[in-house]
1. How much length, in nm to one decimal, is gained on full extension between V29 and A65, taken as 0.36 nm per residue of separation minus their Cα-Cα distance?
2. Rounded, prolate or oblate, given the Cα gyration tensor of the range 3-64, with a/c below 1.5 counting as rounded?
3. Rank by packing, highest mean first: peptides 189-199, 136-146, 35-45, with packing defined as the count of other Cβ atoms within 10 Å averaged across residues.
4. So if each residue of separation counts as 0.36 nm, and I subtract the Cα-Cα distance between L139 and L49, what length gain in nm does that give?
5. In nm, to one decimal, how far is the L56 label point from the Q184 one, both placed 7 Å along Cα→Cβ?
6. Label points 7 Å out from Cα along the Cβ direction at V98 and K146: separation in nm?
7. Computed FRET efficiency, Cβ-Cβ of L6 and A154, R0 35 Å: what is it to the nearest 0.05?
8. Could you work out what % of the accessible surface of the range 7-74 is carbon and sulfur, using a 1.4 angstrom probe and leaving DNA, RNA and ligands out of the count?
Amino acid sequence: MILNALFFYLFAGVTLASGLMVIASRNPVTSVLFLILAFVNSAGLFILLGAEYLALLLVVVYVGAVAVLFLFVVMMLDVDFVELRQGFLQYLPIGGLVGLILMVELLMGVGAWVISPEILNHGAEPMPALSETSNIQALGSVLYTKYIFYFQVAGLVLLVAMIGAIVLTLRHKPNVRRQSIPEQVGRTRDAAIEVRKVETGKGL
């Protein structure tokens, strides 16, 4: 029991510290690395809760795909973060309002738990235990049978979001020659080859 408490405080402390460093770090690459560290420690918390499926999903999907995609976008697309921060002040009131609403919700939840701890016992009834199946097998059988349509729609939404993020953050540098496939395919013989008659003794 003491060992579980020690691991809980270790994972929770590192997760909170990593979350703070994500928003406090000036280097975007460092922020993404701290985000990966926060994901890994959150997966450790899920394992302590017995939700090994969510822990593996967090590591495989978020650390292995989403965070690496963030790192790729930051490092390879040459994003001008100074230009992106120019319109920050005009969105500050909306962001402050959303943050205030989230803080009120958190305070209401923590206050209800402190004032009336028995309120946790009045939640939804637990699902009946399945026959000799693990957590991963039970979730997988439900996810890929009953909710397969919603699962595929969520994948398409993430694909569109990924393509949109790349298109919006891509910056074309001036004075850089780029390949144009339509021009290459539509090129004719007359435009590609020029035949000149050179007199004898007046060559290049």
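The values are calculated or read from the model by the stated rules, or taken from the named source; none is laboratory data. Owing to the predicted nature of the structure, the values given are computational and were not obtained by experimental measurement. Methodologically, a virtual Cβ is constructed for each residue, glycine included, from the backbone with ideal geometry; neighbour enumeration extends over all protein chains shown. These area figures cover heavy atoms from the full protein model, side chains too; ligands, DNA and RNA do not enter into them. Shrake-Rupley method; radii C 1.70, N 1.55, O 1.52, S 1.80 Å.
1. Here the answer is 11.4 nm.
2. Verdict is oblate for the range 3-64.
3. 35-45, 136-146, 189-199
4. Separation in residues times 0.36 nm, less the Cα-Cα distance, equals 30.8 nm.
5. Rounded to a tenth, the inter-label distance reads 4.3 nm.
6. Reported label-point gap for V98 and K146 is 3.2 nm.
7. 0.45
8. 82
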